[in-house]
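Asker: If you scroll down you'll find the structure; I have some questions about it.
The values are calculated or read from the model by the stated rules, or taken from the named source; none is laboratory data. Here the structure is a predicted model, which is why all the values come from computation and not from measurement. Cβ sites come from the backbone with ideal geometry, for glycine too, and all protein chains shown count toward neighbours. These accessible areas exclude ligands, DNA and RNA; they are computed on the full protein's heavy atoms, side chains included. Shrake-Rupley method; radii C 1.70, N 1.55, O 1.52, S 1.80 Å.
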Amino acid sequence: MKRCAWASDSAEMLVYHDKEWGVPKQKVSELFECLTLEIFQAGLSWSTVLRKREAFIDDFYDFDVEKISQFNDEDLERLMNDEAIIRNRAKIIATIQNANACMNNDLVQLTWEPFDFMQMDGLNDNNKNDIKEFIKPYVKRFKYAGFKRVGPTTLYSYFQSVGVINDHEIDCFRHKELNDSFKA
């Protein structure tokens, strides 16, 4: 069975590729989890984030934006002291700020509405400058809504992970499956 080249890096990556990456998500907690993990991944490998994912889920209360939006300095210090997660103060603060942004904005609408709630085929054959130009208006949209640390690379990766953009390689079995399932 043909898969995206990156999927065979580890057993965790294979499962993530086959079961989650690019599957359309429209629950706030799932979208927020993907956005948060993409923010924490910046500058690191995705396999590092996957290894720490369960701890993130526990520490961020299943990515419940209402609970996270109420985090205080004590929660920040608790998270900074937890070796099971990626302890980056700026990213933790951004997660709390992003939970607040979710309380004031509909993350489902913000994510899917510009695409008419339809999945678009990927841009993985385009060069990085084309992708950067494509993503600019969406970055502005998220930043205007109060989201932090949502630059072009992070937001594009987020759109890939939540299924807005199907960037599975064309000959990967998941590309056709996801295209077919979204149309059904």
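Asker: M1 fails exactly one of the following numbered conditions: (1) of a type outside the set (G, A, S); (2) open to solvent by 70 Å² or more (accessible area, probe 1.4 Å); (3) in a helix (DSSP H, G or I). What is the number of that condition?
Answerer: (3)
Asker: Shifting gears a bit: Would you confirm, using the coordinates I've provided, whether W6 is of a type in the set (F, W, Y), open to solvent by 20 Å² or more (accessible area, probe 1.4 Å) and under 18 Å from F117 (Cα atoms)?
Answerer: Answer is no for this residue.
Asker: Continuing with the same structure: Is it the case, given these coordinates, that D58 is more than 19 Å from K148 (Cβ to Cβ) and out of contact with any helix residue (DSSP H, G or I) (no Cβ under 8 Å at 6 or more places or on another chain)?
Answerer: Taking the combined requirement at face value, the residue satisfies it.
Asker: Say whether the condition of being small (G, A, S), open to solvent by less than 80 Å² (accessible area, probe 1.4 Å), on the phi < 0 side of the Ramachandran plot and at pLDDT below 95 is met by at least one residue in region 116-123.
Answerer: Within region 116-123, one or more residues are small (G, A, S), open to solvent by less than 80 Å² (accessible area, probe 1.4 Å), on the phi < 0 side of the Ramachandran plot and at pLDDT below 95.
Asker: Can you tell me which residue in region 130-184 is surrounded by the fewest Cβ atoms within 10 Å (Cβ to Cβ), limited to those that are outside any helix (DSSP H, G or I) and among the aliphatic types (A, V, I, L, M)?
Answerer: A184
Asker: Any chance you could count how many residues in region 14-66 are surrounded by 20 or more Cβ atoms within 10 Å (Cβ to Cβ) and polar (S, T, N, Q)?
Answerer: 2
Asker: Restricting to region 36-51, name every residue that is farther than 23 Å from T111 by Cα and either in contact with an Asp or Glu (Cβ under 8 Å, 6 or more places away or on another chain) or touching a residue at least 40 places away in the same chain (Cβ under 8 Å) (or both).
Answerer: Scanning region 36-51 gives L44, S47, R51.
Asker: Moving on to the next point. Mind checking whether some residue in region 14-37 is out of contact with any Cys (no Cβ under 8 Å at 6 or more places or on another chain) and over 24 Å from S181 (Cβ atoms)?
Answerer: yes
Asker: Against the condition more than 20 Å from D18 (Cβ to Cβ) and among the β-branched types (V, I, T), how does V139 come out, does it pass?
Answerer: yes
Asker: Please determine, by comparing only the residues of region 8-26 that are in contact (Cβ under 8 Å) with a residue 24 or more places away in the chain and part of a helix (DSSP H, G or I), which one is farthest from H168 (Cα to Cα).
Answerer: Step by step, filter region 8-26, then rank; the result is E12.
Asker: Can you pull out the residues in region 56-65 that are closer than 18 Å to I93 by Cβ and either at pLDDT below 95 or assigned to a helix (DSSP H, G or I) (or both)?
Answerer: Hits for region 56-65 are F56, D59, Y61, F63, V65.
Asker: Quickly run through region 76-115 and pick out the residues that are outside any loop (DSSP other than H, G, I, E, B), without any contact (Cβ under 8 Å) to a residue 40 or more places away in the chain and open to solvent by less than 60 Å² (accessible area, probe 1.4 Å).
Answerer: Selection gives L76, L79, M80, I92, I96, L110, P114.
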